[in-house]
Amino acid sequence: IAACKARGGKVLAVGTTTVRTLESWAKSGQASGDTQIFITPGFEFQVVDRLITNFHLPKSTLMMLVSAFAGYEHIMGLYHHAIKQKYRFFSYGDAMLLTRTQID
């Protein structure tokens, strides 16, 4: 991961559990063990640049995570589109590719 970042590469996580794992590792420096990380809007991502994930339930902690990652308004726009187009939600539903919102 460090070599990828050093050469300007992007880290793509597949799933929210992977995001939590990589960001927990970045904060703690520990490559094993449990994590207590809870990602909500305002969280400062250190590792993950892109995320593939499914459409999560409204008002869930995973919805908070993707909103923290890509921006609340952007996520709400995607969800309105998904509902209108009858996308499938939950674990075996349709997926989306998100790019992390940059914080200045």
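The values are calculated or read from the model by the stated rules, or taken from the named source; none is laboratory data. It should be emphasised that the depicted structure is a prediction, and the values quoted were computed from it without experimental measurement. Backbone-built Cβ (ideal geometry, glycine too); neighbour counts: all protein chains shown. Remember, those area values only see protein heavy atoms, side chains included, never the ligands or the DNA or RNA. Shrake-Rupley method; radii C 1.70, N 1.55, O 1.52, S 1.80 Å.
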**Asked** Looking at the chain, how many pairs of lysines come closer than 22 Å at the Cα, when each pair is eight or more places apart or spans two chains?
**Response** 4
**Message:** For the chain, set up a GNM with springs between Cα atoms under 10 Å and report which of V14, V47, V66 has the largest fluctuation.
**Reply:** V14
**Fill in**
Diffusion coefficient in µm²/s returned for segment 37-93 by Stokes-Einstein, Kirkwood Rh over C-alpha pairs, 4 °C and 1.567 mPa s, is 109 µm²/s
**Prompt:** Taking springs between alpha-carbon atoms closer than 10 angstrom, which of I52, I39, I83 fluctuates most in the Gaussian network model of the chain?
**Reply:** I83
**Request:** Add +1 for every Lys or Arg and -1 for every Asp or Glu among the other residues with Cβ under 15 Å from the Cβ of A31, and state the total.
**Result:** 0
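With the Cα gyration tensor of the chain in hand, convert its eigenvalues to equivalent ellipsoid semi-axes via √(5λ) and list them largest first in whole Å. List each step's numbers first, then the result.
Details: eigenvalues 120, 44, 33 Å².
Working through the eigenvalues yields semi-axes of 24, 15, 13 Å.
If you average the sequence gap of Cα pairs under 8 Å that are 6 or more apart and divide by the length of the chain, what percent do you get for the contact order? Intermediate results must be reported in sequence, preceding the final value.
Values: 133 pairs, mean separation 30.0, N = 104.
For the chain, the relative contact order is 29 percent.
Sorting M76, M96, M64 by accessible area (1.4 Å probe), largest first, what list results?
M64, M76, M96
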**Between segment 1-36 and segment 49-104, the Cα center-to-center distance that results, in Å** = 19 Å
**Fill in**
With label points set 7 Å from each Cα along the Cα-to-Cβ direction at S60 and A26, the distance between them in nm comes to 2.3 nm
**Sequence of Y87, Y72 from largest to smallest accessible area, 1.4 Å probe** = Y72, Y87
**Complete:** Residue separation between R50 and C4 times 0.36 nm, minus their alpha-carbon distance, gives in nm 15.2 nm
**Request:** Take every DSSP beta bridge with both residues inside the chain and express the antiparallel ones as a percent of the total, to the nearest 5.
**Result:** 60 percent
